[in-house]
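Here the structure comes first, spelled out in structure tokens, and everything after it is commentary.
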Amino acid sequence: MNFQIYGFSNLFFFFFTIFSFLTITSCALQETRPAKHSPASNSPAQINSNSVLVALLDSHYTELSELVEKALLLQTLEGAVSKHNITIFAPKNEALERDLDPEFKRFLLEPRNLKSLQNLLLFHMIPTRIESKHWPMEVNNPFHHTSLCRDAYDEKIQVIEKNGEKLVGEARIIKADDIIRPDGIIHGIERLLIPKSVQQDFNTRRSLRSISAVLPEGAPEVDPRTHRLKKPAPSVPAGAPPVLPIFDAMAPGPSLAPAPAPGPGGPHHHFDGESQVKDFIQTLLHYGGYNEMADILVNLTSLASEMGRLISEGYVLTVLAPNDEAMAKLTTDQLSEPGAPEQIMYYHLIPEYQTEESMYNSVRRFGKVRYDTLRLPHKVVAEEADGSVKFGQGEGSAYLFDPDIYTDGRISVQGIDGVLIPPEEIKPSPKAAPVAKVVSKQRRGKLLEVACTMLGAFGQDSHLSSCY
């Protein structure tokens, strides 16, 4: 009896120990387990497919969505959508394309001005849901909302309805409640909202760009062809075409000393040629298929700088740009000689402003047109062929392949499918070995047939002559 009681006590103590251990373990796990919706959690906010942010990226506001991606704002907007029910005032695509000042758009897309682009886009978003039925009806009592732009300081967005039209600041609502989602709403507006901070940054950069340091007076420049001092160019009014021909304004070749820096008394520049050349080279890279041409202009030669100087002095250029497939056909011998890349490129630069339309109309009207090039005295011949414009002759010819890649009124870039070579420099291809002509011996029956035909004709002539 004592043995049974003793065994039962041990069994009871064993189960009690296990139960206590499991209870303590479960409590410890609950304390160490992180909360699912803890505000201190560093996990990124989860955005579902029905979010207003996803709807914006997939909407017809393509220009705005592209700028949001370029400004690297996706993570910031995900955090804002997870905390607030937001309202987005989306400008129409035309407001960000044709209606926007090109200089201001170039300023926004520069990498160093990323903060200004972010502030501009965040100024179109407020952390409050405003539907069309919530628009204030009283003109004297407008609503003022704070945007997501932290650098806007005390500048708020005014929402008002005036003369039956809903207004946001100075922009008119053209599509109210265009996109509605549970976590936000999008209204279409006709123009861009520009905060004062972004406008101030733009004005500051533009004023700094116009200020240039005074360089020391350069040494007299010697003409490499006549070995005499070059005469200074006469002063011309702002915007007038240059007096000297473009060939006199070109820098000396690579075998000569570089031209000295212009002094304070030199000609004043009225065009920003450096920025225009940079834009057209970036356009070539983004267009695709012209990387070799851009590499030669920037890295292999100093032609990009020379072209920028010419444009700044008032000259215009048309660039016939061979594509990468055509540039790959150039041999090492053609590029290894000193000054060879420059000479090849000079033959593709026309000192005129020509577009695809103007060149095609010229060759349609006059047949063959000879254009001057920066490689004196060679000219490039253009003619109509297969409904397009063909440049050059023979093996050194090329067709207009990608028309009007870049046109800004000063520089025109036309893509061609071959590298142009002056006819005088085209080396004749080696003649093939003469092929022996094999004359087949006529058959005997064929000879008899020919002889009989001749005799028959002779007999007819004899018969007719006897009749006469």
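Structural remarks
- Exposure of F271 as accessible area (Å², to 10), given a probe of 1.4 Å and all protein chains: 60
- With 25 Å as the limit, the listed pairs K278/K368; K105/K133; K105/K156; K133/K162; K70/K133 have K278/K368; K105/K133; K70/K133 beyond it between alpha carbons.
- Cleavage-rule hits (GluC sites (Glu not before Pro)) in the range 92-129: DSSP loop, at most 16 neighbouring Cβ within 10 angstrom: E97
- Projected label points at I194 and I180, each 7 Å from Cα along the beta carbon direction, are separated by 3.5 nanometres.
- For D279 and E131, a Förster radius of 51 Å and the Cβ-Cβ distance give a FRET efficiency of 0.75, rounded to the nearest 0.05.
- Solvent-free Debye scattering, log10 I(q)/I(0), computed from the Cα coordinates of the range 95-146 at q = 0.18, 0.22, 0.23 Å⁻¹: -0.77, -0.87, -0.90
The values are calculated or read from the model by the stated rules, or taken from the named source; none is laboratory data. Since this is a predicted model, take the numbers as computed values, not measurements. FYI the Cβ positions are ideal-geometry reconstructions off the backbone, even for glycines, and counts take in every protein chain you see. What goes into the accessible areas is simple: the full protein's heavy atoms, side chains included, and nothing from ligands, DNA or RNA. Shrake-Rupley method; radii C 1.70, N 1.55, O 1.52, S 1.80 Å.
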